[in-house]
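The values are calculated or read from the model by the stated rules, or taken from the named source; none is laboratory data. Just so it is clear, the structure is predicted and the values come from calculations on it, not from any experiment. Note: ideal-geometry Cβ built from the backbone for every residue, glycine included; neighbour counts use all protein chains shown. With ligands, DNA and RNA removed, areas are computed over all heavy atoms of the protein, side chains included. Shrake-Rupley method; radii C 1.70, N 1.55, O 1.52, S 1.80 Å.
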Amino acid sequence: MSTHVNEGVSIGAAVTSIQQATKELHLPPSIATSFQGSAQAFQSSLSSTPILILAALIAVYIILGMLYESTIHPITIISTLPSAGLGALLTLMLFGMPLDVIGIIGIILLIGIVKKNGIMLVDFALVGERERGLSTEDAIHEACLLRFRPILMTTMCALLGGVPLMLGTGIGSEIRQPLGYAIVGGLLVSQVLTLFTTPVVYIYMDRLGGWLGHRRRATHPEANAPVQYTPGSG
């Protein structure tokens, strides 16, 4: 049986309604249901989304690890991403927008936009620690004070760029609006939260790195023992 989606109803909402109706019917195991066409493509795209997001996070972690020569502080930067995803999901729910493929694309875009907040703070704090000998707390505090304006400016540029997508009407607006809502909502929430959470995560990640390094030296003291040179030993 073939049908069509009514005007103003997204494929995601239609698929969810059909799945809910199927559960309420309590069909016997001998009857199987499946989607075809656009609905099947929609389900296939959703099933691969978690793998895509995980692959993006792994790639970001590897690149940041090589950039900062650290396995700890890339986690500090990645910790800014959950707040963006939360903001995007809450905004879509608040305005009745479906989490379809376009909304997921918006969340993936936020991975690249939002992590720059953490990069600006962590990069400045690490330079202060390594080159000027600042303590962890002083370094991240100075980074928050001096990097606040560029963080705010870049976030507002990206946020205002998403407003036309969010408020635009006309042909194709039903495709653009979820993207705009996801970007604007994710940036608003992440901007507020990361300015408070990133310094805390940075301090505790630095302490964790110091504790792991101390434990490694205690477990393998021979790796850190100075090499003694005896004249004439060759």
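Modelled spin-label separation between residue 55 and residue 207, with each label point placed 7 Å from Cα along the Cα-to-Cβ direction: 3.8 nm. Probing with 1.4 Å while keeping every protein chain in the model, the per residue accessible area of the range 96-156 equals 50 Å².
With Cβ to Cβ distances under 15 Å as the rule, what net charge do the other residues near residue 67 carry (K, R +1; D, E -1)?
+1
Calculated FRET efficiency, residue 145 to residue 94, Cβ-Cβ distance, R0 = 22 Å: about 0.10 to the nearest 0.05. Taking the accessible area of the range 42-159, probe 1.4 Å, and keeping the other protein chains in place, the carbon and sulfur fraction comes to 73%. Net charge near residue 120, counting Lys/Arg +1 and Asp/Glu -1 over other residues with Cβ under 14 Å of its Cβ? For residues surrounding residue 120, the net value is +2.
Across the range 68-160, the mean sequence separation of Cα contacts (distance under 8 Å, 6 or more residues apart), normalised by length, yields a relative contact order of 28 percent.
When the surface is traced with a 1.4 Å probe over the full set of protein chains, residue 204 keeps roughly 130 Å² accessible.
Computed with a 1.4 Å probe over protein heavy atoms only, the accessible area of residue 207 comes to about 130 Å². Other residues within the sphere of radius under 15 Å centred on the Cβ of residue 84, judged by their own Cβ, net out at +2 (K and R +1, D and E -1).
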